[in-house]
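The values are calculated or read from the model by the stated rules, or taken from the named source; none is laboratory data. Just so we're clear, the structure is a prediction, and the values are computed from it rather than from any experiment. When we count neighbours, we look across all protein chains shown, and the Cβ atoms used for this are built from the backbone with ideal geometry, even at glycine. Note: accessible area is taken over every heavy atom of the protein model, side chains too, but ligands, DNA and RNA are not part of it. Shrake-Rupley method; radii C 1.70, N 1.55, O 1.52, S 1.80 Å.
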Amino acid sequence: MDYIKQRLFEKGSLMRAQLQDLLKESRDLIVDEVTIGNVLGGMRGVTSLLTVTSKLDQYEGIRYRGFSLPELYKVLPRYNTEGEPLAEGVFYLLLTGEVPTMEEVEYMRKDWVQRSEVPEHVFRAIDALPKTSKPMTRFSTGILAAATQSQFQKQHRVGLRKEDYWDSTYEDVMNMIAQLPVIASYIYRKEFCDGEVIALDPNLDWSANFAHMMGFNSEEEFKLFRMYMFIHADHEGGNVSAHTAHLVGSALSNPFYSYAAGMIGLAGPLHGYANQEVIRWIKSMYKHYNRTFEEGLSEEEIHDFVEKTLDDGNVIPGYGHAVLRATDPRFITQKDFADKYVQNDPLIHTVNILYKVVPAVLQERGKAKNPWPNVDAFSGSLLLHYGIKDYIFYTVMFGVSRALGVGAQLIWDRFLSLPIERPNSQTLDWFTEYANSED
Ligand code: HAX
């Protein structure tokens, strides 16, 4: 058996036994209560999912297998002390729960290089879409088209045993992760560049290869991509994209189907499109004042535009969160990166002023439960600084990264034989009658 699979098998067997014991001993133990407010409020805060890869703390932010982002900088393999954690190590940790050595990272890197050949028809499926198709439509279409290679689907059809589902799921997830940067960069080069496709470099790591295939080749750009892929990799199980992939996977749809569905969820303005929305909104602010980025805007002008946006009934993109109640550490990581590598960028300067202005305005209005910035408030300005100008592509980059966490979780879902998800639903009359009967 492949070395990583062997590690996974050892861990997984223990966890499978742990889960079975838990069900045997404590099946009826109550973990949470559900109010009408919870049901009609998007199930916010209700504990109802099992996710082994990461946990989101409302004040400290995301922890991958117990490690915060600053801790991960210390423990995960990097090419040098100034470098960013490598995606291969991030995935290894999310999958196995163990911090990998550099040798293990290199093993994973080579494995992904070997799995990176995308079936030709995937590109033809993307090409067949009309010019008006958005990058996320192309990306999710590409992932769906890649499902023809699903080993899980083939083996399930011939009668795979339930306890073995994880093995072919692992193969699918590994192939999918290896191929996503190739698919995404194909979309980028065709849609926003000269159309010339750049081949993968078998000597580069996964994140740097993504940069390279998009046409970015400096060491600093590699660092940017490593940092971006690292911070977006996972955000526990309840967010729309992760939850969608898990839900679809629970019907034993193959990992390509499940992840493509998750990507459709990511493509919403309240979720992964927010990184595009931030740039679109900032541009509209400059247009409103008829000013260029170089000419800049004062703190007062920015404040007034924030107020106007809210008065017009819109949200401030990049601010607020369903779980977080503090500045997202992924925002801080990007800000630190910009402070270190970027000087005098007018757009990043605007993003920094927004960080001073927006929380106070949202707090004053008293509606948003979290007035602080999330990951999307910063990412677009950094990507734009490094020359990725076509901001409608940003969510695709997010989607490439998120496969690390959601892919690992899909493997665990099969290892633990999590059942098909099927909550109960009721009509509005039922809720009303129930409420009246309790009065
Ligand atoms: N600007 C203005 N109003 C906001 C707001 C913001 N940034 N954030 C929340 N609110 C409003 C909500 O719209 C809601 O108003 P209504 O009662 O009129 O519907 C009210 O405050 C309470 O909302 P909440 O409980 O604080 O927030 P939710 O859990 O309902 O929603 C969202 C969380 C992230 C969707 C929300 O904060 C938002 O719309 N933010 C802007 C979009 C954004 O940045 N999304 C990306 C989030 C991170 C992510 O998933 N990235 O992929």
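Before moving on, here are some points about what is shown:
- Rounded to the nearest 20, the size of the Cβ-charge dipole of the chain about its Cα centre is 720 debye, with Lys and Arg at +1 and Asp and Glu at -1.
- Kirkwood Rh and Cα Rg combined as Rg/Rh, the range 122-184: 1.09
- Residue-by-residue Karplus 3J(HN,Hα) for the range 118-126, coefficients 6.51, -1.76, 1.60, Hz, glycine and proline x: 8, x, 4, 5, 4, 5, 5, 5, 5
- At a probe radius of 1.4 angstrom, the accessible area of the range 227-373 per residue rounds to 43 square angstrom.
- In the chain, the DSSP-assigned H stretches of four residues or longer account for a calculated mean residue ellipticity at 222 nm of -19000 deg cm²/dmol, using -39500 (n - 2.57) per stretch and the full residue count as denominator.
- The spacing between the range 394-439 and the range 190-256, judged by their C-alpha centroids, is 24 Å.
- Sorting 108-120, 384-396 by their mean Cβ neighbour count within 10 Å, with the most densely packed peptide first, gives 384-396, 108-120.
- Mean Cβ count within 10 Å, highest first, over the residues of peptides 316-325, 9-18: 316-325, 9-18
- Per-bin percent of Cα-Cα distances, the range 365-439 [5 Å]: 3, 10, 10, 10, 9, 13, 14, 14, 10, 5, 2, 1, 0
- Flagged links, alpha-carbon separation over 28 Å, of LYS11/LYS223; LYS134/LYS367; LYS11/LYS55; LYS287/LYS335; LYS283/LYS335; LYS110/LYS223: LYS11/LYS223; LYS134/LYS367
- For the range 211-219, 3J(HN,Hα) per residue [Karplus equation, 6.51 cos²θ - 1.76 cosθ + 1.60, θ = phi - 60°, Hz, x = Gly/Pro]: 4, 4, 5, 7, x, 10, 10, 7, 4
- Put simply, the amide H of ASP57, placed in the peptide plane, has neighbours under 5 Å in ILE62, ARG63, leaving out anything fewer than 5 places away on its chain.
- Solvent-accessible area per residue for the range 1-160 (1.4 angstrom probe, square angstrom): 57 Å²
- Charge dipole of the chain about the Cα centre (unit charges at C-beta), most positive-ward option of PRO100, MET214, ASN38: MET214
- Computed E for SER425/ASP390 - FRET, C-beta separation, R0 51 angstrom, nearest 0.05: 0.80
- As computed over the range 265-392, the Cα convex hull volume per residue (Å³): 105 Å³
- Reference-scaled alpha-carbon Rg (2.2 N^0.38 Å with N residues) for the chain: 1.00
- Taking amide H as placed 1.01 Å from N in the peptide plane, TYR319 has its amide H under 5 Å from the amide H of ASN374, each at least 5 places away in sequence or on another chain.
- For the chain, carbon and sulfur atoms together expose 53% of the accessible surface, with a 1.4 angstrom probe and every protein chain in place.
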